[in-house]
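K.L.:
First, the structure itself, so that you have it in front of you.
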Amino acid sequence: MSLQQDYSFRPICLAGPTGSGKTACALKAAEYLPIEIISVDSALVYRGMDIGTAKPTPAELAAVPHHLIDIIEPTQSYSAAEFARSAKTLAAEILARGKLPLLVGGTMLYFKALFDGLSELPKADEALRARLDAQAAEQGWPALHAELARVDPITAARLAPNDAQRIQRALEVWHLAGRPMSQLYAEQERSSGVDWPLISLEPQDRAWLHRRLDQRFAQMLEAGLVDEVRRLRARGDLSLDLPSMRCVGYRQTWEALDANDFRQLAEQGSAATRQLAKRQLTWLRSMPQRQVIAADSAQLELQVLVALQKILRAHGPA
């Protein structure tokens, strides 16, 4: 069954915390609607990171067109602004093909960039970062935090004195743009955001989600997560300083390999995943436009399909 002849399509977003069933709902909906999926996931962009990201299987990728998966190496970075630009372009192309763009994922910063717009920040400068690293090695990150407080007190106030990654980025932006990061964000053009509908999968019972996340991480370990991270380490060009290796599950596995001690890995990985889900739910609850569906509903996939149909019906005929 296809509704392509009955409705004109518009991009629709399907969000939720990790483990809430987003992928299964999207794939089921694609059996009834001509969907192309745009991934909204900052971990799925990396090639070679499959088990720990719960990447769709080759069969799932073949069944439904997917976008923004396996697009960069783990050595590279991919910003929220880059995502927003790519997602808008892809959505327009999918609509032009007469298909429904469904944006599916749990990276809330990506959704925020899409809905609110983000100001353009300077790209990373490796030489400048090296100089900042050298300065930090000599003086300590609290000293660089104090320097940031002088040039960008608003950003410094929300960062811990040892938050190396964010202090470095804020100072990098200051040096490259000549203006504080907080000012650049304040100048962002909200008109560049979109008003696409947002369906949010949120569990009524938090314990239900925790059980799923514990089981999910255990399954990743059984599927070979440790070996996957071991292969990534063997490349020789990756470290915990990179955003890719700081992804939940990968950081904990890398540290277990460093210590050659895996006794706490399942517990640590599950705890980190639960913390991620908590942050995702906090982000979602700050988005008043969302339509909430209980992720722990026995009829979740059907409810999502019905919600998609209602949105298309409200959008009107072509």
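The values are calculated or read from the model by the stated rules, or taken from the named source; none is laboratory data. None of the values given here were measured: they were computed from a predicted structure. Every residue, glycine as well, gets a Cβ built from its backbone with ideal geometry; the counts of neighbours run over all protein chains shown.
K.L.:
Testing ALA256 on (1) in contact (Cβ under 8 Å) with a residue 24 or more places away in the chain; (2) farther than 27 Å from PHE83 by Cα; (3) surrounded by fewer than 18 Cβ atoms within 10 Å (Cβ to Cβ), one condition comes back false. Which one is that?
P.N.:
With (1) in contact (Cβ under 8 Å) with a residue 24 or more places away in the chain; (2) farther than 27 Å from PHE83 by Cα; (3) surrounded by fewer than 18 Cβ atoms within 10 Å (Cβ to Cβ) applied to ALA256, the lone miss is (3).
K.L.:
Right, here's the next one. Quick one: how many residues across the range 27-72 are part of a loop (DSSP other than H, G, I, E, B), of a type outside the set (Ser, Thr, Tyr) and within 26 Å of LEU305 (Cβ to Cβ)? Give the derivation first.
P.N.:
As a first pass, look at the range 27-72 and keep what is part of a loop (DSSP other than H, G, I, E, B): 30-34, 41-45, 47-57, 64-65, 68-71.
From the residues that got through so far, the ones that are of a type outside the set (Ser, Thr, Tyr) too are 30-31, 33-34, 41, 43-45, 47-52, 54-56, 64-65, 68-71.
If we keep only those that are within 26 Å of LEU305 (Cβ to Cβ) as well, we get 30-31, 33-34, 41, 44, 54-56, 64-65, 68-69.
The number of residues fulfilling the criteria is 13.
K.L.:
Kindly indicate whether THR273 is in contact with a helix residue (DSSP H, G or I) (Cβ under 8 Å, 6 or more places away or on another chain) and of a type outside the set (A, V, I, L, M).
P.N.:
Numbers: in contact with a helix residue (DSSP H, G or I) (Cβ under 8 Å, 6 or more places away or on another chain): yes; of a type outside the set (A, V, I, L, M): yes.
Judged against the criteria, THR273 is a match.
Rundown of residues vs (1) crowded, with 20+ Cβ neighbours inside 10 Å; (2) without any contact (Cβ under 8 Å) to a residue 24 or more places away in the chain; (3) under 21 Å from GLN303 (Cβ atoms); (4) outside the structural domain of ARG85 (by TED's automatic domain parsing), yes/no style:
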| residue | (1), (2), (3), (4) |
| --- | --- |
| SER182 | no, no, no, yes |
| SER200 | yes, no, yes, no |
| LEU209 | yes, no, yes, no |
| ALA218 | no, no, no, no |
| ARG231 | no, no, no, no |
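K.L.:
Return yes when LYS22 is in contact with an Asp or Glu (Cβ under 9 Å, 6 or more places away or on another chain), on the phi < 0 side of the Ramachandran plot and of a type in the set (D, E, K, R) and no when it is not.
P.N.:
On the way: in contact with an Asp or Glu (Cβ under 9 Å, 6 or more places away or on another chain): no; on the phi < 0 side of the Ramachandran plot: yes; of a type in the set (D, E, K, R): yes.
No: the conditions fail for LYS22.
Every residue, every condition in (1) crowded, with 21+ Cβ neighbours inside 10 Å; (2) on the phi > 0 side of the Ramachandran plot; (3) touching a residue at least 60 places away in the same chain (Cβ under 8 Å); (4) not hydroxyl-bearing (Ser, Thr, Tyr), yes or no:
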residue	(1), (2), (3), (4)
ILE35	yes, no, yes, yes
ILE38	yes, no, yes, yes
VAL45	yes, no, no, yes
LYS99	no, no, yes, yes
GLY106	yes, no, yes, yes
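K.L.:
Let me confirm something: among ALA307, ALA256, ALA295, which residue is assigned by TED's automatic domain parsing to the domain that holds GLY19, touching a helix residue (DSSP H, G or I) at 6+ places or on another chain (Cβ under 9 Å) and under 30 Å from CYS13 (Cα atoms)? So that I can check it myself, show each step before the final result.
P.N.:
Values: ALA307 fails: touching a helix residue (DSSP H, G or I) at 6+ places or on another chain (Cβ under 9 Å); ALA256 fails: under 30 Å from CYS13 (Cα atoms).
Result: ALA295 is the single residue among ALA307, ALA256, ALA295 that is assigned by TED's automatic domain parsing to the domain that holds GLY19, touching a helix residue (DSSP H, G or I) at 6+ places or on another chain (Cβ under 9 Å) and under 30 Å from CYS13 (Cα atoms).
K.L.:
Within the range 182-212, can you find the residues that are over 21 Å from TRP283 (Cα atoms) and not polar (S, T, N, Q)?
P.N.:
Within the range 182-212, LEU184, GLU187, ARG211 meet the criteria.
K.L.:
(1) assigned to a loop (DSSP other than H, G, I, E, B); (2) in contact with a Leu (Cβ under 6 Å, 6 or more places away or on another chain): which one isn't true of ALA136, the others all being true?
P.N.:
(1)
K.L.:
Answer with yes or no whether ILE69 is within 14 Å of the chain's Cα centre (by Cα), surrounded by fewer than 23 Cβ atoms within 10 Å (Cβ to Cβ) and β-branched (Val, Ile, Thr).
P.N.:
Values: within 14 Å of the chain's Cα centre (by Cα): yes; surrounded by fewer than 23 Cβ atoms within 10 Å (Cβ to Cβ): yes; β-branched (Val, Ile, Thr): yes.
In short, yes.
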